[in-house]
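The values are calculated or read from the model by the stated rules, or taken from the named source; none is laboratory data. Bear in mind that the values here come from a model prediction, so they are computed numbers and not experimental data. Positions of Cβ are backbone-derived with ideal geometry, glycine not excepted, and every protein chain shown enters the neighbour counts. Quick note on the areas: whole protein, heavy atoms, side chains included, nothing else; ligands and nucleic acids left out. Shrake-Rupley method; radii C 1.70, N 1.55, O 1.52, S 1.80 Å.
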Amino acid sequence: MNFLTKILIDASSAHLFHTEEYIQSRRRLFKQLIQALVYEDTIKYAEKKLSTSLIEFSVQGVAKNGQPVIYSCKGYRRASFGRVELSAEPVLRTCSGQVSETVSVREFLSEIAGSFTIAAEFMERFIQELDHTLANDTAALFYANEQYTYGADNQAIRLLRNMPYDDIESGLLRAHPYHPCYKSRIGFDAVDNLHYGPEFSPDIKLVWLAVRKLNCLSIASPSLSELDFYQQQLGDQLIQFNTLLRGYGCNPDDYVFMPVHPWQWLNQLLPLYTADIHQKNIILLGEGVETYRPQQSIRTLANAVRPEVHYAKLALNIVNTSTARGLAEHTIANAPVISDWLHRLVAEDSYLAKELNPIILREVKAISFSSACEAIASGQIACLWRESLYPYLTADERAIPFSGLTEMDRDALPVIQNWVARYGVYEWLVQLLTVSMLPLIRLLYAHGVALESHAQNMILIHKDGWPIRVAFKDFHDGVRFIQGQVTHSECLTILRSTPRQHLALNSSSYISASEPEDVKNFLYSAFFSMNLSEVALFFDLHYQVAESTFWCLVNDCIMGYQRDFPEQYKQFQLFNLQSEYVIVEAHTKRRLQNESSVRINRVKNPLFSQPLPSSSQPIMEVSHHE
Ligand SMILES: Nc1ncnc2c1ncn2[C@@H]1O[C@H](COP(=O)(O)OP(=O)(O)OP(=O)(O)O)[C@@H](O)[C@H]1O
Ligand SMILES: [Mg+2]
């Protein structure tokens, strides 16, 4: 029995759910849950001011025995898009004069059902997602504490801030900082989570298939040489796989090779595609030789032996945070087209290419197989290869996912601590904002395109901790623009539109918008309101940078761009980043309401009417957060 299985089923060791880690995870879960429910206005609650900024939130409910129950917690309404942030104190449950800590998700949601807006058919699903999140997160924290506890000399610990990029991807523990179902991974059982969850740095071998071309959509960037590509992917195994295929009496010209995730093979393909396998539409070639490791998104795997090799993003029939993680066929068809277009956009814009130099991690090849025998929706056997970050980095550049910038390291200090200490809090922050925001603002204003740049889709490149530039990824369904109104829109005429049945399952998953507001709000949903708000709250907590100062610095950066490119003034109005309100996606509502209901949040924009610092030296304002 290995260590991982031991923590789940060995009765001789302390059980996972008797640990401090369990309590820590449970408190975080309730914190994120109530924050999201209050912020997205999906529960009826009362608010009582306890001081100038501290608020008591309370929700009424009814216990099983009919007694009234009150749940209460303390927190703040933050300047960053009005985000609700609870204090570290646990959520309390008061019933029949007894006050205790809230411990059960099911009890909490059942008791407050009368105050909670959820479609009845989604209640069980939501409870399940929260319970799985708690179990998976506890296992991750427990594992991390076992692995990375300080010894007598602290040298034994590998700190995230010193690790290579790929290792940080699986070293990060927190996952989504806002979504209450941040580690739901529905589909995985407890052992699957240990075998395939990124926090456990598992060694994963890709399962390679040969799939019949007739049943496939296979598309590649013209920049790619297929032969070289497969040679790079498989090396000597390529000959071996071809021999195997011929041994089945098949002509290799009729097939393409593609990897699938081992979990997907065992749990979805083996049971559901027997006829396709029997009829040789799918032929199992076997495990790849090299080891891969999951990145934060779980379904994208990085080669652990040769980091310069393309990442493999693989369809995985799990639901994580809000979404089922298959790879829809139209997004496979669009992947290289969108990537090549974005790459060209950047390359031909001298301001982007020469001054900001962002990296576009292109999705260069993608394959989707559809069953020839069964009425199974496509998207389950699909892969997409994304360029690795490593070949783009110069010798002295290092990289860290954006989400890592707001995590604590294994020495209990912020991951960014040394960098901020070395360069100065404001200098470092202004540089971070400059290198990360300007490419996004340029893409929006000059080219009409918004990227879904939440913290998992963005990477900071630094030299000795000093922010230099950024890398973007995840484009096949993570861009939004108005067709015909973007630079080089002629490259996009071959894009497949989003099928109606896809929209019925995920109404916000489309790339072609009809209104500029829709494009702008896409950037707000991912970048400003999620990604940057986390940075704002982190700098307030750890470095006493007031949120108002933070958003002032952000505004200063936008205004600086507008001063430098006054000829784009029409675009500044079209995509007004300083509007009083913005519409952002209500992430949690997506788990509570069906696709036809409105699941957006109209929130106050902290960039509205911000006083600008009069010089490049920011106004030093101390945080009022208590
Ligand atoms: N800080 C974070 N912000 C957003 N998502 C996060 C974060 N940390 C982990 N995640 C996880 O990463 C995934 C983000 O979804 P998204 O659609 O951007 O990625 P993906 O398409 O699954 O994969 P990739 O980004 O590797 O192409 C989700 O599974 C989400 O739970
Ligand atoms: Mg992503």
Quiz item: When the residues of the range 289-306 are filtered to those that are of a type in the set (Gly, Ala, Ser) and outside any strand (DSSP E or B), which remaining residue is farthest from the chain's Cα centre (by Cα)?
Solution: Ala304
Self-check item: Near pairs, Cβ below 7 angstrom, 6+ apart or cross-chain, from the range 211-230 (under 8 Å from Lys365 (Cβ atoms)) to any residue that is open to solvent by 60 Å² or more (accessible area, probe 1.4 Å) and part of a helix (DSSP H, G or I)
Solution: Ala220/Glu226
Practice problem: Find the helices (runs of 4 or more DSSP H) located wholly in the range 515-572 whose residues include 2 or more that are within 17 Å of Arg442 (Cβ to Cβ), and list them. | Solution: 516-523, 547-564
Quiz item: Among Ala446, Ala412, which is surrounded by fewer than 22 Cβ atoms within 10 Å (Cβ to Cβ), away from ligand 1 (no atom under 16 Å from the Cβ) and under 28 Å from Ser512 (Cβ atoms)?
Solution: Ala446
Quiz item: Pick from the range 546-593 the residues that are acidic (Asp, Glu) and closer than 30 Å to Asn506 by Cα: which of them is surrounded by the most Cβ atoms within 10 Å (Cβ to Cβ)?
Solution: Glu585
Quiz item: Which residues, counting only those in the range 415-430, are open to solvent by 10 Å² or more (accessible area, probe 1.4 Å) and more than 30 Å from Pro516 (Cβ to Cβ)?
Solution: Gln417, Asn418, Trp419, Ala421, Arg422, Tyr423, Gly424, Val425, Tyr426, Glu427
Quiz item: Within the range 290-323, restricting attention to residues that are among the basic types (Lys, Arg) and closer than 18 Å to Phe472 by Cα, which residue is least open to solvent (accessible area, probe 1.4 Å)?
Solution: Lys313
Quiz item: Among (1) of a type in the set (A, V, I, L, M); (2) surrounded by fewer than 22 Cβ atoms within 10 Å (Cβ to Cβ); (3) more than 16 Å from ligand 1 (Cβ to nearest atom), which single condition is Leu505 missing?
Solution: (3)
Quiz item: For the range 357-386, which residues satisfy the criterion of being open to solvent by 10 Å² or more (accessible area, probe 1.4 Å), in contact with a strand residue (DSSP E or B) (Cβ under 6 Å, 6 or more places away or on another chain) and modelled with pLDDT of 95 or more?
Solution: Asn357, Pro358
Quiz item: Which condition breaks for Ser25 when tested against (1) farther than 22 Å from Val535 by Cα; (2) among the hydroxyl-bearing types (Ser, Thr, Tyr); (3) not in a strand (DSSP E or B)?
Solution: (1)
Self-check item: Selection from the range 419-459 of residues that are charged (D, E, K, R) and either within 18 Å of Phe550 (Cα to Cα) or free of Cβ contacts under 8 Å to residues at least 60 places away in the same chain (or both)
Solution: Arg422, Glu427
Self-check item: Filter result (in contact with a Pro (Cβ under 9 Å, 6 or more places away or on another chain) and within 30 Å of Asn162 (Cα to Cα)) within the range 460-519
Solution: Leu460, Ile461, Arg469, Val470, Ala471, Phe472
Quiz item: When the range 375-420 is examined, which residues are found to be within 16 Å of ligand 2 (Cβ to nearest atom), hydroxyl-bearing (Ser, Thr, Tyr) and in a loop (DSSP other than H, G, I, E, B)?
Solution: Ser388
Exercise. Can you work out which of the residues in the range 255-307 that are of a type in the set (Ser, Thr, Tyr) and more than 24 Å from Val364 (Cβ to Cβ) is farthest from ligand 2 (Cβ to nearest atom)?
Key: Thr274
Quiz item: Just checking, how many residues over the range 36-76 are part of a strand (DSSP E or B) and in contact (Cβ under 8 Å) with a residue 24 or more places away in the chain?
Solution: 14
Quiz item: Out of curiosity, is Arg83 charged (D, E, K, R), surrounded by 17 or more Cβ atoms within 10 Å (Cβ to Cβ), in the same structural domain as Tyr39 (by TED's automatic domain parsing) and in contact with a helix residue (DSSP H, G or I) (Cβ under 9 Å, 6 or more places away or on another chain)?
Solution: yes
Quiz item: Residue check, Lys354 against (1) modelled with pLDDT of 95 or more; (2) touching a strand residue (DSSP E or B) at 6+ places or on another chain (Cβ under 9 Å), all met but one. Which one?
Solution: (2)
Self-check item: Residues located in the range 457-507, provided they are within 15 Å of ligand 2 (Cβ to nearest atom), closer than 18 Å to Arg362 by Cβ and outside any strand (DSSP E or B)
Solution: Asn457, Lys473, Asp474, Phe475, His476, Asp477, Gly478
Practice problem: Give the range 431-456 a look and list any residue that's within 16 Å of ligand 2 (Cβ to nearest atom) and out of contact with any Pro (no Cβ under 8 Å at 6 or more places or on another chain), or say none. | Solution: Leu440, Ala450, Leu451, Glu452, Ser453, His454
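Looking at this structure, is Leu29 touching a Pro at 6+ places or on another chain (Cβ under 9 Å) and at pLDDT below 95?
It is false that Leu29 is touching a Pro at 6+ places or on another chain (Cβ under 9 Å) and at pLDDT below 95.
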Quiz prompt | Residue list for the range 109-123, restricted to those being closer than 13 Å to Tyr45 by Cβ and part of a helix (DSSP H, G or I) | solution = Gly114, Ser115
